[in-house]
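> Let me give you the structure first, and then I'll get to my questions.
Only the coordinates and a few stated rules stand behind these numbers; no lab work does. Note that the structure is a prediction, hence the values are computed from the model and not measured. Virtual Cβ from ideal backbone geometry, glycine too; neighbours counted across all protein chains shown.
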Amino acid sequence: MNKNIVAVLSTTILPVDGTYQVVTLQDSDLTEVKNIIEGIPHYIGHPSTKEIVESFGAVVAPTNLFEGLKSGESAICFSIRQGMSSRKTEGKTVDQDITLDMLSIRLITKISAPAWKCAFCGTINYGGYLCGQCGAS
Ligand SMILES: [Zn+2]
């Protein structure tokens, strides 16, 4: 997996607008996941999910606030699989004991959008369809 992983998250937190590619990883990718998240900061507070990612070598991030991905950067998300969360029945997940098979592991990559020059005003834009200067599409 040739990815620039910068964070391990518990949900698909996307604080920055942009185009993202989201891929759910298969169990067969797990060995590789363990290798690539070693030493990567995690932003996970949920106790048993935290235990799992730390057992894979992820380290506690210096801050609780994940500031988002830059173009070309990826994050690995360990979120509780749909239907496995106790949020629905108990209204919270904090005390829930999680095992690895209850987690869905997803790789999120922020796509670097190609730069383009507006035919109307000549402004160089990065991504999107509307010119940031004149609003032409
Ligand atoms: Zn323009």
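> Suppose every K and R has +1 on its Cβ and every D and E has -1 on its Cβ; what is the size of the dipole of the range 4-126 about the Cα centre, in Debye to the nearest 20?
Taking the Cα centre of the range 4-126 as origin, the dipole is about 480 debye.
> Still on this model: Using the Karplus equation 6.51 cos²θ - 1.76 cosθ + 1.60 (θ = phi - 60°), what ³J(HN,Hα) coupling, rounded to whole Hz, does each residue of the range 127-137 give in order, writing x for Gly and Pro?
Going residue by residue, I get x, x, 10, 9, 5, x, 8, 10, x, 5, 10 Hz, with x marking Gly and Pro.
> Let me know the Rg and Dmax you get for the chain when you use only its Cα atoms, in Å.
Rg and Dmax of the chain, Cα atoms, are 18.1, 57 Å.
> Do any cysteines of the chain lack a neighbour Cys whose Cβ is under 4.7 Å away, and which are they?
Lacking a cysteine Cβ partner under 4.7 Å: CYS77.
> Next question, about the same structure. Tell me which residues come under 5 Å, amide H to amide H, from ALA136 once H is placed; ignore anything under 5 positions away on its chain.
CYS131
> Here is a follow-up. May I ask you to compute the full-extension gain from THR24 to LYS70, defined as 0.36 nm times their residue separation minus their alpha-carbon distance, rounded to one decimal in nm?
Additional length available on full extension: 14.5 nm.
> Quick query: amide H of GLU73 versus all other amide H atoms, modeled in the peptide plane; which residues come in under 5 Å with a sequence gap of 5 or more or a different chain?
Amide H to amide H, under 5 Å and 5 or more residues apart or across chains, GLU73 pairs with LYS110.
> Now for a separate question. Among CYS134, GLY18, ASN64, whose Cα lies farthest out toward the positive end of the dipole of the chain, if unit charges sit on the beta carbon of Lys, Arg (+1) and Asp, Glu (-1)?
With unit charges placed on the Cβ atoms, the residue in question is CYS134.
> A further question follows. Tabulate in residue order the Karplus-calculated ³J(HN,Hα) for the range 22-37, using 6.51 cos²θ - 1.76 cosθ + 1.60 with θ = phi - 60°, rounded to whole Hz; enter x for Gly and Pro.
10, 10, 7, 7, 8, 4, 5, 8, 4, 4, 5, 4, 4, 5, 7, 8
> Let me ask another. Beyond 20 Å between alpha-carbons counts as too far, so tell me which of LYS34/LYS70; LYS50/LYS110; LYS3/LYS110 fall in that bin. Can you show the working numbers first?
Numbers: LYS34/LYS70 23 Å; LYS50/LYS110 24 Å; LYS3/LYS110 11 Å.
Distance filter (> 20 Å) returns LYS34/LYS70; LYS50/LYS110.
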